[in-house]
Amino acid sequence: MSEHLIKRALCAGGLALLTALASPLSLARERTAVEILEAADAVRNPPGSFSVKTQLTEYRQGKQSANSTLLVFAKPNRDSGQYRNLIRFQAPARDAGKLMLRNGMDLWFYDPANRASVRISPQQRLLGQASNGDVMTTRLARDYEVSITGRETVKDGEGAQRDTVRLRLVAQREDVAYARVDYWVDAASDRPVMARYYTAEERLLKTAYFRKYQDAMGAQRPIETVIIDGLDSSWVTVMQTTGHTAREIPDEWLQRDYLPRFAAD
Amino acid sequence: MMRTSTSPGLSLRLRRALLLAAWALPAHVAAQTAPPVDAPALDPLALQIQPAEADARIGLRMEAWAQGVDLRDGASNGDDMLGRAVLDFRREWRINEALRFGFSDRMEAVEGNADAADRQRNALRELYLNWQATPSWYVDAGRINLRQGVALGYNPTDWLRENAVVMRSSQNPAALRENRLGAVMLRAQAVDTRGSAQLALIPQLSDEDTSGSRFDDQFWSLGLERTNRHRAALFRVSPRTGERVVADFTAFTRAGDAPQLGSNLSYTASDSLILQMEWSGGRRAALPAAGETNSATDWFNRIAIGGAWTSPVGLVLTLEHHYAGDALSETEWNAWRGVQGSGARALGEMRRGVTERQDLLVRHYWFGRAAWDRAFGVEQLDLSAFVRRNAWDHSSMMQLEGTWHVSDRLDVSAMVNRMIGNDSSEFGSSPVRSALAVYLRWFM
């Protein structure tokens, strides 16, 4: 009897030990693609409302062809969770003071010269190679259906080898900049490493590398993105984000009729 | 086809200026052209961000134009070559947390190879104080360019456009909106999460006789007879709607005229297509038929309807139809086209008034525009063209423009205007058949 009890206790203990050992592994395996994408979104985007200075340097054949500076104000939409963005152009001088406002499908471009707010379509570009979506704060997990396609070791934007989870993103909304995205996220830290953006016809539009991780609003975030054209690899835009600042952004700012009054720095 | 100048002196100066520009620009471009970075084996990841120039903009833009015009037979008075210089300043200053001050002015001088073309004009476009009374209430006082309307080529709800343009260096509707005079007004606006509402009160500040579209265009003239000839009030409400549909509603009343109503509606049909409609309606006098000086007052509608489509390469195509019920019917316009003598003078005066008010002469027009920034993938190149077509006589006005961004602060542009139609048509009867302009713009 006592021997039987001892055997049962050993079996139960062994089972408990196996369960305890297996739990972290099973939890890791159970981490969904959506959770990984949300974690990567949280690395790129500071929490809450904030502003950030974005500078873009565009190169053709290694020669600088354009340089522009923007001030981006981002605030999560309470209903959709997606960010609303207000962008002020600071440079070049011919564009200084112009504004772009985005709330999903609702986009406005404001030119202080003629005090006109012009409604534009999500596909209309104002920034050269970088799409509106590249400079605006977005939560990819809100706009894309995501699945895991495997683990890969890839070279990051600074030449180091990274163990990554490769995600496949398919757009769920028509107003997003890219119909499909392949997204490589560092398996250990959830840091975005690189992305490839495609049209609905599977044509490669761009490759982006997220690099130069630095402290910004309480976490390590990529402050540079290198965007390489899908057809012409010598067409490159380096995008740098600095000056991340948590700030209250009133809802009043994020509508068309406020644009002529917008003066925040 | 361009005519040769009949005034060798100025023509020579202009040619010298053009030659100088032609010589200087490639030199400037060459100066900007640094040797490529490791061009044979380019590593995109080796490229770095370049420091941006500090935001030291003062808000001044300088323009230098050389223009040649091709005049209709019999219209030539020798002024077929023009030089134009522009100082354009626009800036806003923050006085304290609640107060801002704005100033906008355009000084323009035109010199032709005949004295008749010479003209200098300063346009004080805006001068205002803005006070943020509460987080969502604003009060503005002064001269303000209050622009309304979603359409591109014709804005029936843009009530304050009438007579506000003092110089027309370009026929581009966007340029006309940019260069016009604001109206002196007291305006209150509420902006909150539900949308916005505003009321503008416009006092009468001039009692000049402006019949026949006669205005005081002396150099320093404020042009108040253009913008503040009558007391007026404007109300506009813009409720917050969903992502796809945006609407606003407006009412305008002016001393001596019946109240007018209007609305703007835009709809994002897809990620590349915007549909828009602009409507106004109210009792007003129609344009007179030939041989008449007055016409009956009735309710008339004005409409601009159309859409803008963005192509995959970034070319934006806009097509609009413009309608004004108070403009001339096809029969009335055909009758006007045949008038002679005093009737022709009356037609000229009526057309000048229509142009100053930025109204329509006949009831139906088509308007098309193509705009391609970074055309053909060239970062420095912007191209645009528009055409306005009279639906009755099928005459057209078109303008093509190309701009090359030489540097962050310098643009060089070329612009071609062309009037198409027979001699009795609206655009074909214009004194200027075509014009070519080359101009430089410096942004400071």
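Here's the yes/no breakdown for (1) among the acidic types (Asp, Glu); (2) at pLDDT 95 or above; (3) buried (at least 19 other Cβ atoms within 10 Å of the Cβ); (4) within 30 Å of B:Arg441 (Cβ to Cβ):
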residue	(1), (2), (3), (4)
B:Arg345	no, no, no, no
B:Gly348	no, no, no, no
B:Arg363	no, yes, yes, no
B:Gly368	no, yes, no, yes
B:Gly377	no, no, no, yes
B:Ser384	no, yes, yes, yes
B:His394	no, yes, no, no
B:Leu400	no, yes, no, yes
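Checked against (1) in a strand (DSSP E or B); (2) farther than 19 Å from A:Arg44 by Cα, A:Asp232 passes all but a single condition, namely (1).
Please verify whether B:Ala255 is farther than 25 Å from B:Val362 by Cβ and away from chain A (no Cβ under 11 Å), treating the condition exactly as stated. Against the criterion (farther than 25 Å from B:Val362 by Cβ and away from chain A (no Cβ under 11 Å)), B:Ala255 qualifies.
Just one of B:Gln204, B:Gln218 is more than 23 Å from B:Trp279 (Cα to Cα) and at pLDDT 95 or above; which is it? Going through B:Gln204, B:Gln218 in turn, just one is more than 23 Å from B:Trp279 (Cα to Cα) and at pLDDT 95 or above: B:Gln204.
Do we find that B:Ser270 is within 14 Å of chain A (Cβ to nearest Cβ) and modelled with pLDDT of 95 or more in this structure? In short, no. Per the listing B:Arg168, B:Arg161, B:Arg147, the residue uniquely touching a helix residue (DSSP H, G or I) at 6+ places or on another chain (Cβ under 8 Å), in contact (Cβ under 8 Å) with a residue 24 or more places away in the chain and under 24 Å from B:Ser396 (Cβ atoms) is B:Arg161. If you filter the stretch A:209-248 down to residues that are small (Gly, Ala, Ser) and in contact (Cβ under 8 Å) with a residue 24 or more places away in the chain, you find that the one that is nearest to A:Ala66 (Cα to Cα) is A:Ser234. When the residues of the stretch B:291-322 are filtered to those that are part of a strand (DSSP E or B), within 14 Å of chain A (Cβ to nearest Cβ) and β-branched (Val, Ile, Thr), the one that is farthest from B:Trp372 (Cα to Cα) is B:Thr318. Reported count of residues in the stretch A:83-103, each being in contact with a Ser or Thr (Cβ under 7 Å, 6 or more places away or on another chain) and in contact (Cβ under 8 Å) with a residue 40 or more places away in the chain, is 2. Going by the conditions given, is A:Asn45 away from chain B (no Cβ under 14 Å), at pLDDT below 95 and within 30 Å of A:Thr149 (Cβ to Cβ)? Yes; evaluated as a whole, the condition is true for this residue. At least 2 residues being touching a residue at least 12 places away in the same chain (Cβ under 8 Å) and of a type in the set (D, E, K, R) is the threshold, and among the strands (runs of 3 or more DSSP E) wholly inside the stretch B:349-423 those reaching it are B:364-373, B:381-390, B:410-420. So which residues in the stretch B:38-56 are at pLDDT 75 or above and assigned to a loop (DSSP other than H, G, I, E, B), if there are any at all? Listed by number, the residues that qualify are B:Leu42, B:Asp43, B:Leu47, B:Gln48, B:Ile49, B:Gln50, B:Pro51.
There is no residue in the stretch A:135-142 that is assigned by TED's automatic domain parsing to the domain that holds A:Arg180, under 17 Å from A:Val52 (Cα atoms) and either more than 14 Å from the chain's Cα centre (by Cα) or of a type in the set (Gly, Ala, Ser) (or both). Only a single item in (1) under 25 Å from A:Gln55 (Cβ atoms); (2) touching a Gly at 6+ places or on another chain (Cβ under 7 Å) is not met by A:Asp156, and it is number (2). I'd like to verify a number: residues in the stretch B:131-141 that are over 21 Å from B:Gln204 (Cα atoms) and in a strand (DSSP E or B), how many? Of the residues in the stretch B:131-141, 6 are over 21 Å from B:Gln204 (Cα atoms) and in a strand (DSSP E or B). Restricting attention to the stretch B:142-187 and to residues that are within 13 Å of chain A (Cβ to nearest Cβ) and in a strand (DSSP E or B), the residue that is surrounded by the most Cβ atoms within 10 Å (Cβ to Cβ) turns out to be B:Ala183.
Looking only at the stretch B:219-238, decide whether some residue is free of Cβ contacts under 8 Å to residues at least 60 places away in the same chain, within 30 Å of B:Arg369 (Cα to Cα) and within 14 Å of chain A (Cβ to nearest Cβ). Yes: the stretch B:219-238 contains one or more residues that are free of Cβ contacts under 8 Å to residues at least 60 places away in the same chain, within 30 Å of B:Arg369 (Cα to Cα) and within 14 Å of chain A (Cβ to nearest Cβ). Restrict the check to the stretch A:151-168 and report whether at least one residue is basic (Lys, Arg), away from chain B (no Cβ under 13 Å) and buried (at least 21 other Cβ atoms within 10 Å of the Cβ). So far as the stretch A:151-168 goes, no, none of its residues is basic (Lys, Arg), away from chain B (no Cβ under 13 Å) and buried (at least 21 other Cβ atoms within 10 Å of the Cβ). Tell me whether the stretch B:391-403 contains one or more residues that are within 14 Å of chain A (Cβ to nearest Cβ) and over 24 Å from B:His322 (Cα atoms). Yes, the conditions are met somewhere in the stretch B:391-403. Applying the condition of being polar (S, T, N, Q) and touching a residue at least 12 places away in the same chain (Cβ under 8 Å) to the stretch A:61-82 and asking which residue is farthest from B:Arg409 (Cα to Cα) yields A:Ser80.
For the stretch A:91-111, the set of residues classified as surrounded by fewer than 22 Cβ atoms within 10 Å (Cβ to Cβ) and at the interface with another protein chain (Cβ under 7 Å from one of its Cβ atoms) consists of A:Ala91, A:Pro92, A:Arg94, A:Ala96, A:Asn103, A:Gly104, A:Met105, listed by residue number. Go through the stretch A:238-256 and give me each residue that's in a strand (DSSP E or B), of a type in the set (A, V, I, L, M, F, W, C) and within 10 Å of another protein chain (Cβ to nearest Cβ). Matches in the stretch A:238-256: A:Val238, A:Met239. Of all the residues in the stretch B:411-429, those that are modelled with pLDDT of 95 or more and surrounded by fewer than 16 Cβ atoms within 10 Å (Cβ to Cβ) number 2. Evaluation of B:Phe249 against the conditions (1) crowded, with 16+ Cβ neighbours inside 10 Å; (2) touching a residue at least 40 places away in the same chain (Cβ under 8 Å) shows that the sole unmet condition is (2).
The sole residue among B:Arg214, B:Arg229, B:Arg236, B:Arg302 that is surrounded by fewer than 18 Cβ atoms within 10 Å (Cβ to Cβ), among the basic types (Lys, Arg), under 25 Å from the mean Cα position of the chain (by Cα) and closer than 24 Å to B:Arg180 by Cβ is B:Arg214.
The values are calculated or read from the model by the stated rules, or taken from the named source; none is laboratory data. Predicted model, so just to flag it, every value in this text is computed and none were measured. Methodologically, a virtual Cβ is constructed for each residue, glycine included, from the backbone with ideal geometry; neighbour enumeration extends over all protein chains shown.
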